[in-house]
Amino acid sequence: MYLLDTDTASAALKGVVWIDRRLKAMSAGAWCISAITRAELRYGVARRPGATALAKVVGAFLAIARTEAWDRRAADVHGRLRAALAASGQPIGDFDEMIAAHALATDAILVTGNLAHFGRIPDLRVENWLR
């Protein structure tokens, strides 16, 4: 399963052709977004109340994107991951840590262009579709 990070979901919303093609070629259950990414997308819309076109595009994407629920497995992995990153002096930010933990907890491949952050996380499988 592929878990799209917020940057990849945003690129899909912007109509990046190669991401759109890749998602359409996959079965519906082969990819999803984290509940954290869903929250980030909703936040982006809420910050721009007059952007009705953006709200429609995000709404349409969220209607087809399966949202993986944040659960206790993800929370448990997050606690350990966040502590390890803090101890190493290399935290990557709350939401990125939560998305990484979610990918680890669900054994998903994280699709992101942010290799600088996510590359620091041991055992996290990452693909960059934004190149």
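Any idea how many residues of the range 57-77 are of a type outside the set (A, V, I, L, M), part of a helix (DSSP H, G or I), in contact (Cβ under 8 Å) with a residue 24 or more places away in the chain and farther than 24 Å from residue 11 by Cβ?
Qualifying residue count for the region: 2.
Against the definition (in a loop (DSSP other than H, G, I, E, B) and more than 14 Å from the chain's Cα centre (by Cα)), how does residue 89 come out, yes or no?
Spelling it out, residue 89 is indeed in a loop (DSSP other than H, G, I, E, B) and more than 14 Å from the chain's Cα centre (by Cα).
Residues are listed down the side, and each one gets a yes or a no for (1) out of contact with any His (no Cβ under 9 Å at 6 or more places or on another chain); (2) assigned to a helix (DSSP H, G or I); (3) farther than 16 Å from residue 126 by Cβ; (4) at pLDDT 95 or above:
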position	(1), (2), (3), (4)
8	yes, yes, no, yes
29	yes, yes, yes, no
41	yes, yes, yes, yes
49	yes, no, yes, no
54	yes, yes, yes, no
80	yes, yes, yes, yes
97	no, yes, no, yes
110	no, no, no, yes
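Please work out which one of (1) surrounded by 12 or more Cβ atoms within 10 Å (Cβ to Cβ); (2) charged (D, E, K, R); (3) at pLDDT below 95 is the condition residue 68 fails and give its number.
Failing condition for residue 68: (3).
Going by the conditions given, is residue 131 assigned to a loop (DSSP other than H, G, I, E, B) and out of contact with any Phe, Trp or Tyr (no Cβ under 8 Å at 6 or more places or on another chain)?
Judged against the criteria, residue 131 is a match.
Somewhere in the range 63-77, is a residue touching a helix residue (DSSP H, G or I) at 6+ places or on another chain (Cβ under 6 Å) and more than 16 Å from residue 107 (Cα to Cα)?
No, the conditions are met nowhere in the range 63-77.
Of (1) farther than 18 Å from residue 97 by Cα; (2) within 14 Å of the chain's Cα centre (by Cα); (3) of a type in the set (Val, Ile, Thr), residue 52 satisfies all except one. Which?
Looking at each condition in turn, residue 52 falls short on (2).
Please state which one of 30, 69, 74, 39 is small (Gly, Ala, Ser) and closer than 14 Å to residue 129 by Cβ.
Being small (Gly, Ala, Ser) and closer than 14 Å to residue 129 by Cβ holds for just one of 30, 69, 74, 39, which is 30.
Has the range 108-125 got at least one residue that is within 14 Å of residue 1 (Cβ to Cβ), surrounded by fewer than 19 Cβ atoms within 10 Å (Cβ to Cβ), under 16 Å from the mean Cα position of the chain (by Cα) and touching a residue at least 40 places away in the same chain (Cβ under 8 Å)?
Yes, because at least one residue in the range 108-125 is within 14 Å of residue 1 (Cβ to Cβ), surrounded by fewer than 19 Cβ atoms within 10 Å (Cβ to Cβ), under 16 Å from the mean Cα position of the chain (by Cα) and touching a residue at least 40 places away in the same chain (Cβ under 8 Å).
The values are calculated or read from the model by the stated rules, or taken from the named source; none is laboratory data. Keep in mind that what you see is a predicted model, and the values were worked out from it rather than measured. Neighbour counts run over all protein chains shown; Cβ positions are idealised from the backbone, glycine included.
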